[in-house]
Amino acid sequence: MKTIDVKQCAEQLRQSNAELIDVRTPVEFREVHAEGATNIPLDRLDPKAFVDSRNGNSGQPFYVICRSGNRSTQAAQRFLDAGINEVVNVEGGTSAWESAGLPVQRGKKAISLERQVRIAAGLLVIVGVLLAMFIHPCFMGLSAFVGAGLVFAGVTDTCGMGMLLAKMPWNQCSSTGSCSV
């Protein structure tokens with residue numbers, strides 16, 4: 001998989017008409033994104049459809065970015081799996097882009113998907129423990145299920161809860177750019 005650091009990517013974007021695809025949720029994108037980036041959320045990414053829509057830019061490299069590099073790595077792998085080799089992953093994501101002092105566009109603040117996962121997981125564990133204490137011990141299974149899911153997410157670098165939360169209405173924006181948050 002080809003990678004590039006944020007400064008090199010910014011220079012490539014300045015020198016050519018290359019595309020920068022941000023694969024975060026629409027709400028995360030609205031909060032802050034690299035100037036010139038286009039939002040195509042990871043859960044809606046169709047590599048073939050994207051390449052077909054490039055209007056004469058096929059064969060030229062394009063860049064994928066997210067918040068820290070995890071989702072963009074997954075997106076780049078989807079392109080590679082589809083036989084599309086022009087994809088380049090931006091190391092460090094939007095966090096590194098912003099830290100490097102590169103131009104960003106800012107919008108309304110939002111709770112990041114990662115924080116939403118931590119909040120939901122913690123809340124489910126607490127609810128499971130309280131239900132087990134006051135209703136029935138079998139509810140401890142809820143906490144165990146969440147713990148197993150977190151271990152699975154850590155081992156596979158795939159978070160089912162994150163994918164589910166990304167589809168929630170508060171993480172969506174309409175085509176006019178207005179978001180539910």
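The values are calculated or read from the model by the stated rules, or taken from the named source; none is laboratory data. If you're wondering where the values come from, they're calculated on a predicted model, not measured in any experiment. Don't worry about glycine lacking a Cβ; one is built from the backbone with ideal geometry, like all the others, and counts go over all protein chains shown. These accessible areas exclude ligands, DNA and RNA; they are computed on the full protein's heavy atoms, side chains included. Shrake-Rupley method; radii C 1.70, N 1.55, O 1.52, S 1.80 Å.
Bridging of residue 2 to aspartates and glutamates at a Cα separation below 13 Å is possible for 86, 91, once same-chain residues fewer than 8 apart are set aside. Measuring r between the beta carbons of residue 145 and residue 84 and using R0 = 41 Å, the FRET efficiency lands at 0.65. Sequence-distant contacts, meaning Cα pairs under 8 Å at least 6 residues apart, place the relative contact order of the chain at 24 percent.
Probe 1.4 Å, all protein chains in place: accessible area of residue 108 in Å², nearest 10? Rounded to the nearest 10, the figure is 110 Å². For segment 1-67, the gyration tensor built on C-alpha atoms gives an oblate shape. Its axis ratio a/c (a ≥ b ≥ c) is at least 1.5, and a/b is not larger than b/c. Expressed to the nearest 5 percent, the antiparallel share of DSSP beta bridges inside the chain is 25 percent.
Report, to the nearest whole %, how much of the accessible area of segment 26-65 belongs to carbon and sulfur atoms, 1.4 Å probe, protein only. Please report the intermediate quantities before stating the final value.
Working: 840 of 1790 Å².
The nonpolar share, carbon plus sulfur, comes to 47 percent.
Per residue of the chain, the DSSP helices (runs of n ≥ 4 H) give a summed -39500 (n - 2.57) that works out to -14500 deg cm²/dmol at 222 nm. Taking all protein chains into account, the per residue accessible area for segment 11-124 stands at 48 Å² (1.4 Å probe).
Scanning the chain for long hydrophobic helices, with DSSP H runs required to stretch 20 angstrom or more by C-alpha along their axis and to average at least 0.0 on the Kyte-Doolittle scale, returns 113-134, 140-156.
Ligands, DNA and RNA aside, residue 13 has an accessible area near 40 Å² when probed at 1.4 Å.
According to the calculation over all Cα-Cα pairs in segment 1-132, the P(r) per 5 Å bin from zero is 2, 10, 20, 21, 17, 11, 7, 4, 3, 2, 1, 0, 0 %. Accessible surface ranking for 115, 30, 1.4 angstrom probe, highest first: 115, 30. Each peptide in 86-99, 117-130, 147-160 was scored by the mean count of other Cβ atoms within 10 Å over its residues; highest first, the order is 86-99, 117-130, 147-160.
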